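**Student:** First the structure, which I've put down as structure tokens, then a few questions once you've had a look.
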């Protein structure tokens, strides 16, 4: 299960509430029923956008992501905040590299219902180390690459995000790469997800965090208009 299936499974209360709102609004006199049309339209648009971005694009092949690296890494880390979506594929794409799995999940800071349901359905790897944004427990300059995929936005305060980027920069060797994959709060995502796009952060926030950590944006790529990959170098 991936893409739309995962989104519905992890966020079913939101979709259930939205469907109930549509049903209730449809029974109201005009023009109140327009509320139902708007809510239903956002739900359908969001699911259609997710199907397109996740299920019908090359996104989950990840070959395009490793192609953003200047060279195959000898040692890399995958950082997740409750759901690791890429390490099985990376092990196949980078068989000669040493892998480090780091799990930032902490119910106090990444305890949203969708994350709890995701972890219940897809448990974290037993090899994943529990870490904190301000302490990744990895020696300085020991990593060639760090993969941060659909994870950083779950840190909901600027201080936590800044601490994470600073720690990533510390763990990277000179010339090492951070590969960040995120939805951004932009026109395309707002059109697709409506108010749900405010769960994401603007593109400028990721640029700010990189600069603040001393990381240079080397290249950027869009995977559909909804998903961006930013490759930074130390």
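**Student:** With labels modelled as points extended 7 Å from the Cα through the Cβ direction, what inter-label distance (nm, one decimal) is found for residue 135 paired with residue 96?
**Tutor:** About 3.6 nm, to one decimal.
**Student:** What percent does the relative contact order of region 59-233 come to when contacts are Cα pairs within less than 8 Å and at least six residues apart?
**Tutor:** Value for region 59-233: 20 percent.
**Student:** Say each of residue 216 and residue 56 gets a label point 7 Å from the Cα, pointing the same way as Cα to Cβ; how far apart are those two points in nm?
**Tutor:** 3.9 nm
**Student:** Only residues of region 188-209 count here: report those whose backbone N is under 18 Å from the spot 7 Å along Cα→Cβ of residue 224, or say none.
**Tutor:** 188-201
**Student:** Considering the zone a paramagnetic label at residue 106 would reach in this model (a point 7 Å from Cα along the Cα-to-Cβ line), which residues of region 165-196 have amide N under 16 Å from it?
**Tutor:** 165-168
**Student:** Just check region 59-233 against the gyration tensor rule for me: Cα atoms, a ≥ b ≥ c as the square roots of the eigenvalues, rounded for a/c under 1.5, and otherwise prolate or oblate depending on whether a/b exceeds b/c.
**Tutor:** Verdict is rounded for region 59-233.
The numbers here are math on the coordinates, done by the rules we state, and not lab data. For clarity, every value in this text was computed on a predicted model and none was experimentally measured. In this analysis, Cβ positions are derived from the backbone assuming ideal geometry, glycine residues included, and neighbour counts consider all displayed protein chains.
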